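Peer 1: Below are the structure tokens for one structure; questions will follow.
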Amino acid sequence: MASLAGYDNEVVELKCAVQSYAWGKIGLDSTVAQLSQHSPSFELEEDKPYAELWMGTHINGPSKLLCGNKEVLLAEWIDKNTFVLGATVKEAFDGKLPFLFKVLSVNKALSIQAHPSKSQAKQLHMERPDVYTDSNHKPEVIIALTTFESLCGFRPLAEIKKYIKTIPELALVIGKEAEDAITSGSDSEALKTAFSALMRSKPDIVSKHLHNLEDRILEMKRLEMDISSICGDLLLRLTSQFPEDVGCLCIYFLNYITLKPGEAMFLGSNLPHAYLAGDCMECMACSDNVVRAGLTPKLKDVDTLCEMLDYRCRTKEEIIFSCTQSPNNPFVTVYDPPVPDFTIARIQIPSSCSSYTFEALNGPSIAIMICGSGGINISSTRIALGRGTVVFISANTTFDFNNCDGVDCEIYQAYCVL
């Protein structure tokens, strides 16, 4: 292998950016904070929210290579050594790392949102570069590390109609015209009419009827009545986080999904969603492109969101993204979305396995140790891996991971192969 601009290993350790958004879990309750403690430069603040760990080259949270006391941006290092991407990935993605890998720790809801397609992203960037600074698409996969709650995709139409018929406060917010359109219609246009009416409702109308619905649910709870049929507990939780926000009422349009550890969702272009609580791995095209319309203090672009959304209805089962067991490796589960930018492997190495071989891939990868410890020996150098260690692995590199402590290990590896 040619010289890597002073870093002559095919596997290099990364120092990664920690994002402290308001919706993150606090202190060591956050998996992001727990993993970040591996970095000697990380200083924990017990009352601070730790929301995301970014692993990649995106300008909003770039990773750096660690080599003694020196640090260099991963993006700059790749620019000088594009062969680490492999020939096919280098050509397909203009010499850039095509994905961004993350860990998320969600304490409270974040954004009713969707991600534009490539063509939509380019158009939004061209028309409003001050708002949409990123012109790339953002398909993403999330994999639950803990129980993970979210809203994702439109519910089956029959469920939405039932809520509108049985929750008068919801019907009053969307208005009679939209109510008639969806209760008598059966296509995506009827759903678009109703959901757009909800999201464009006047704030005073939303506030009035949302308060009325809260009061009714609280009275039902006081009388020990069942509130599950109107998602009562979830509504009260969201209104406590975002009082008077129209996004609270989106629970009656979008699927409420709880993922178990290892379960996943694929979020393609224009799919409405919101993360509610839990910890997860997340991988996406290298982009930070989001259109928001509720459950957020950030800029809301309601008109753009309502026009761009995928209004197909899906069941919860249709939302869950299937993973596959690697046919060649009993320790590897693969999450392979229908986009070329990335794939994710969940590697579970049992304590009985003292040595595990990472096979060469024709593209780059980033791996993070979620639990366990061990070491990598490569090019006469040893990299010690503990919980939270992140490494960049060059294309066409094979090496052995030694499980020195005899404990179960879990590693997530994001990669691009073409």
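The values are calculated or read from the model by the stated rules, or taken from the named source; none is laboratory data. Everything quoted here is computed from the prediction, not taken from an experiment. Counting neighbours? That spans all protein chains shown, and the Cβs are built from the backbone with ideal geometry, glycine included. Ligands, DNA and RNA are excluded from the accessible area calculation, which covers all protein heavy atoms including side chains. Shrake-Rupley method; radii C 1.70, N 1.55, O 1.52, S 1.80 Å.
Peer 1: Could you please tell me which pairs satisfy a Cβ distance under 6 Å, a separation of 6+ or placement on different chains, a first residue in region 223-244 that is of a type in the set (Phe, Trp, Tyr), and a second residue that is open to solvent by less than 20 Å² (accessible area, probe 1.4 Å)?
Peer 2: Phe242/Leu295
Peer 1: Separate question: Suppose we filter region 267-287 for residues that are under 16 Å from Cys152 (Cα atoms) and under 9 Å from the mean Cα position of the chain (by Cα); how many remain?
Peer 2: Within region 267-287, residues that are under 16 Å from Cys152 (Cα atoms) and under 9 Å from the mean Cα position of the chain (by Cα) number 4.
Peer 1: Return only the number of the condition from (1) open to solvent by 50 Å² or more (accessible area, probe 1.4 Å); (2) at pLDDT below 95; (3) not aliphatic (A, V, I, L, M) that Thr147 does not satisfy.
Peer 2: Thr147 satisfies all of (1) open to solvent by 50 Å² or more (accessible area, probe 1.4 Å); (2) at pLDDT below 95; (3) not aliphatic (A, V, I, L, M) except (2).
Peer 1: Further question: Exactly one condition in (1) surrounded by 23 or more Cβ atoms within 10 Å (Cβ to Cβ); (2) aliphatic (A, V, I, L, M); (3) over 20 Å from Thr296 (Cβ atoms) is not met by Leu73; state its number.
Peer 2: (1)
Peer 1: Is it the case that region 28-35 has a residue that's more than 28 Å from Asn396 (Cα to Cα), open to solvent by 60 Å² or more (accessible area, probe 1.4 Å) and at pLDDT below 95? Quick ask: steps written out before the conclusion?
Peer 2: Just the residues of region 28-35 that are more than 28 Å from Asn396 (Cα to Cα), to begin with: 28-34.
Cutting the leftovers down to open to solvent by 60 Å² or more (accessible area, probe 1.4 Å) gives us 28-29.
Filter once more, so that each one left must be at pLDDT below 95: none.
For region 28-35, residues more than 28 Å from Asn396 (Cα to Cα), open to solvent by 60 Å² or more (accessible area, probe 1.4 Å) and at pLDDT below 95: absent.
Peer 1: Scan Ala114, Ala121 and give me the residue that is touching a Leu at 6+ places or on another chain (Cβ under 8 Å), open to solvent by less than 10 Å² (accessible area, probe 1.4 Å) and either among the hydrophobic types (A, V, I, L, M, F, W, C) or farther than 18 Å from Glu282 by Cβ (or both).
Peer 2: Unique residue meeting the criteria: Ala114.
Peer 1: Hey, another quick one. How many residues does region 198-247 contain that are among the small types (Gly, Ala, Ser), surrounded by fewer than 19 Cβ atoms within 10 Å (Cβ to Cβ) and within 27 Å of Glu307 (Cα to Cα)?
Peer 2: Result for region 198-247: 1.
Peer 1: Looking at Phe83, Phe42, can you tell me which residue is open to solvent by 20 Å² or more (accessible area, probe 1.4 Å), out of contact with any Pro (no Cβ under 7 Å at 6 or more places or on another chain) and farther than 18 Å from Lys15 by Cβ?
Peer 2: Phe83
Peer 1: Residues in region 361-372: is at least one under 21 Å from the mean Cα position of the chain (by Cα), farther than 28 Å from Ser41 by Cα and touching a residue at least 12 places away in the same chain (Cβ under 8 Å)?
Peer 2: no
Peer 1: Here's another thing I want to ask about it. Being open to solvent by 30 Å² or more (accessible area, probe 1.4 Å), outside any strand (DSSP E or B) and within 30 Å of Thr333 (Cβ to Cβ), is that true of even one residue in region 132-141?
Peer 2: yes
For (1) touching a residue at least 40 places away in the same chain (Cβ under 8 Å); (2) part of a strand (DSSP E or B); (3) within 22 Å of Tyr256 (Cβ to Cβ), each residue gets a yes or a no:
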| position | (1), (2), (3) |
| --- | --- |
| Ala293 | yes, yes, yes |
| Thr296 | yes, no, yes |
| Leu299 | yes, no, no |
| Cys306 | yes, no, yes |
| Tyr311 | yes, no, yes |
| Glu318 | yes, no, yes |
| Asn329 | no, no, no |
| Thr333 | yes, yes, no |
| Asp341 | yes, no, no |
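Peer 1: Report, ordered by the first and then the second residue, all pairs with beta carbons closer than 7 Å, sequence separation of six or more or different chains, a first member in region 258-274 that is more than 17 Å from Ile112 (Cβ to Cβ) and among the aliphatic types (A, V, I, L, M), and a second member that is part of a loop (DSSP other than H, G, I, E, B) and at pLDDT 95 or above.
Peer 2: Within 7 Å, the pairs are Ala264/Cys323.
Peer 1: Please go through region 250-270 and pick out each residue that is closer than 18 Å to Pro168 by Cα and touching a helix residue (DSSP H, G or I) at 6+ places or on another chain (Cβ under 6 Å).
Peer 2: Correct list: Ile251, Tyr252, Phe253.
Peer 1: Which members of region 356-370 meet the condition of being closer than 17 Å to Glu13 by Cα and among the β-branched types (Val, Ile, Thr)?
Peer 2: Once the filter is applied, which keeps residues that are closer than 17 Å to Glu13 by Cα and among the β-branched types (Val, Ile, Thr), region 356-370 yields Ile366, Ile368, Ile370.
Peer 1: When region 219-229 is examined, which residues are found to be assigned to a helix (DSSP H, G or I) and closer than 15 Å to Ile167 by Cβ?
Peer 2: Answer for region 219-229, where residues must be assigned to a helix (DSSP H, G or I) and closer than 15 Å to Ile167 by Cβ: Glu219, Met220, Ser228, Ser229.
Peer 1: List the residue pairs whose Cβ atoms are under 9 Å apart, where the first residue sits in region 57-80 and is within 28 Å of Tyr21 (Cα to Cα), the second is open to solvent by 60 Å² or more (accessible area, probe 1.4 Å) and of a type in the set (A, V, I, L, M), and the two are 6 or more positions apart or on different chains.
Peer 2: Hits for this filter: Ala75/Ile59.
Peer 1: I'd like to verify a number: residues in region 50-70 that are open to solvent by less than 30 Å² (accessible area, probe 1.4 Å) and not hydroxyl-bearing (Ser, Thr, Tyr), how many?
Peer 2: Total satisfying the criteria: 9.
Peer 1: Suppose we filter region 88-97 for residues that are touching a residue at least 24 places away in the same chain (Cβ under 8 Å) and either over 26 Å from the mean Cα position of the chain (by Cα) or buried (at least 24 other Cβ atoms within 10 Å of the Cβ) (or both); how many remain? I'd like the intermediate steps shown before the answer.
Peer 2: Kept after step one, since they are touching a residue at least 24 places away in the same chain (Cβ under 8 Å), are these residues of region 88-97: 88-89, 92-93, 96-97.
Filter once more, keeping what is either over 26 Å from the mean Cα position of the chain (by Cα) or buried (at least 24 other Cβ atoms within 10 Å of the Cβ) (or both): 88-89, 97.
Residues that pass the stated criteria total 3.
Peer 1: Check region 382-396 and report whether any residue there is over 22 Å from the mean Cα position of the chain (by Cα), more than 24 Å from Asn81 (Cβ to Cβ), open to solvent by 10 Å² or more (accessible area, probe 1.4 Å) and among the β-branched types (Val, Ile, Thr).
Peer 2: No - not one qualifying residue is present in region 382-396.
Peer 1: Quickly run through region 343-370 and pick out the residues that are modelled with pLDDT of 95 or more, in a strand (DSSP E or B) and open to solvent by 20 Å² or more (accessible area, probe 1.4 Å).
Peer 2: Passing the criteria: Arg346, Gln348.
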